[in-house]
Amino acid sequence: MLDGTSQNGSLRISKRRHFTHDAGAGLAKLPAPQSRPADLLNPNLRRLLPYPFETLARLRASVTPNADLPPLKMTVGEPGLAPPEAVLEVLHSHLHEFAAYPPSRGLPELRQAAAAWLGRRFAAELDPDTQVLPLGGTREGLFCCAQALIDPTRPNPTVVVPNPFYKIYEGAAFMAGARPYPLSTGVEADDFLEALAAVPEAVWGDCQLLYLCSPNNPTGSVLPPAALERVLHLAERFDFVVAADECYSEIYPPDGTPPCGLLQASARLGDAACDRALVFHSLSKRSSLAGLRSGFVAGGAGLIDAMARYRTYHGVTLPVPVQRASIAAWSDEVHVERTRRAYQERFDAALAELDCRRPCGGFYLWLDVGGDDCGFAVDLYEQ
């Protein structure tokens, strides 16, 4: 492909495939549009429902809060804790590397750090070159995996999602041309197993992707190894991929048992189980680095290769200084232990006033608000 001006001076062809005539050649008039702008949109965009925080913003706009009380921000789920200083120092010391384009698959050192952390935490043995891919946070990766893996030409393409769920799962399914099928998971392990058993075989037959979230956002429930192994058996039987959102895996009671991960369960079943598994991890909650937008996906080499090819066109590679800081964060556990203790103290304070269940993982309290969630949110903000 040429980059510059052709010999006759009338046409410039750039590597971005953008064609421009010079002024002497004149400009051709474009024909009048034959359709309204809305007709030019991807029809799947019309399937997207308003994002929860958009709905909440509209509700809040009609309410005047109590001016005598300082507001408590309980919206986007930011950690509200200071990031580890050592990680910020690494970021600052590599600011000069913002001048360089980062490699599309991330620095080898970052992939190695992520694989090493998975090995320490979940006893997972992964090849960092083929089974780990850095991401701009798990949100991006969770959305991308559906676009890369769903085949919309197959009959009734279906994505099974836990209910309640992180809104990205539903939106990813819609934009991939699939239908989301809700799996009412409840808050106990038995609830999840019962929900799996209640899914008709025809739905499993149409399923191409199953999202999991453990610890769950927002219920705080944690799936035991038996439940994860059951999911992997279903994936093998019905030929679908399991995408496990594990970004809350490191937020659990300091004296509790670390939540089991999907790769941990797949290791018990043999190497073939990993071929259908993807796990997503983030520094946003674990390390209180929500603004860093740094995470990774790991799992079957074929799945990682598909996501890497998709992200070559769609994804944004993490800047090199961000990757350097991420290496430092994944390599340290001291600040994570401190974070767990901080959340424990917050739960202790909240549960002294509220009648609800302490979560097994994550940092959400799942309250019974009497059915009308929008009305409850408005009343709470007003009072």
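The numbers here are math on the coordinates, done by the rules we state, and not lab data. Please read all numbers here as calculations on a predicted model, not as lab measurements. Here Cβ is always computed from backbone atoms with ideal geometry, including for glycine, and neighbour counts include all displayed protein chains.
What the Cβ-Cβ distance of LEU351 and GLN147 gives, at R0 = 45 Å and to the nearest 0.05, is a FRET efficiency of 0.65. Beta bridges assigned by DSSP with both partners in the stretch 219-317 are antiparallel in approximately 55 percent of cases.
Rounded to the nearest 20 debye, the dipole magnitude of the chain is 1560 debye, with +1 charges on Lys and Arg beta carbons, -1 on Asp and Glu beta carbons, and the Cα centre as origin. What the pair-distance distribution of the stretch 292-383 shows, using all Cα-Cα distances binned every 5 Å from zero, is 2, 9, 12, 13, 13, 11, 12, 13, 12, 3, 0 percent. Counting 0.36 nm for each residue step from HIS314 to TYR51 and taking away their Cα separation leaves a gain of 92.5 nm. Since only THR75, CYS247, THR153 are under comparison, the one whose Cα sits farthest along the positive direction of the charge dipole of the chain, derived from C-beta charges on Lys, Arg, Asp and Glu, is THR153. Computed over the chain, the per-residue total of -39500 (n - 2.57) for DSSP H runs of n ≥ 4 gives a 222 nm mean residue ellipticity of -12000 deg cm²/dmol, rounded to 500. Only Lys, Arg, Asp and Glu carry charge here, each on its Cβ (+1 for the first two, -1 for the last two); on that basis the stretch 148-264 has a dipole of about 360 debye about its Cα centre. The phi torsions of the stretch 345-359, fed into the Karplus equation with coefficients 6.51, -1.76 and 1.60 and a -60° offset, translate into couplings of 5, 5, 4, 4, 5, 5, 6, 6, 10, 10, 9, 7, 7, 6, x Hz, rounded to whole numbers, with Gly and Pro shown as x. In this label model, TRP366 and ASN156 are separated by 2.8 nm, measuring between points 7 Å along each Cα→Cβ vector. FRET efficiency for the LEU72 to VAL336 pair, using the beta carbon distance and R₀ = 30 Å, is estimated at 0.75. Footprinting exposure proxy ranking of ASP190, ASP68, ASP245, ASP206, fewest other C-beta atoms within 10 angstrom first, gives ASP68, ASP190, ASP206, ASP245. The alpha carbon gyration tensor of the stretch 226-297 gives principal lengths a ≥ b ≥ c with a/c of 1.5 or higher and a/b no greater than b/c, which makes the shape oblate. With R₀ set to 45 Å, the beta-carbon distance separating HIS94 from ALA197 gives a calculated FRET efficiency near 0.35. In the stretch 221-375, taking the dipole from charged Cβ atoms about the Cα centre, the farthest positive-side position among ALA298, LEU232, GLY371 is held by ALA298. Toward the positive end of the charge dipole of the stretch 236-325, with +1 on the Cβ of Lys and Arg and -1 on the Cβ of Asp and Glu, the farthest Cα among MET307, VAL320, PHE280 is that of VAL320. For the pair ARG358 and ASP39, label points projected 7 Å from Cα toward Cβ lie 6.2 nm apart.
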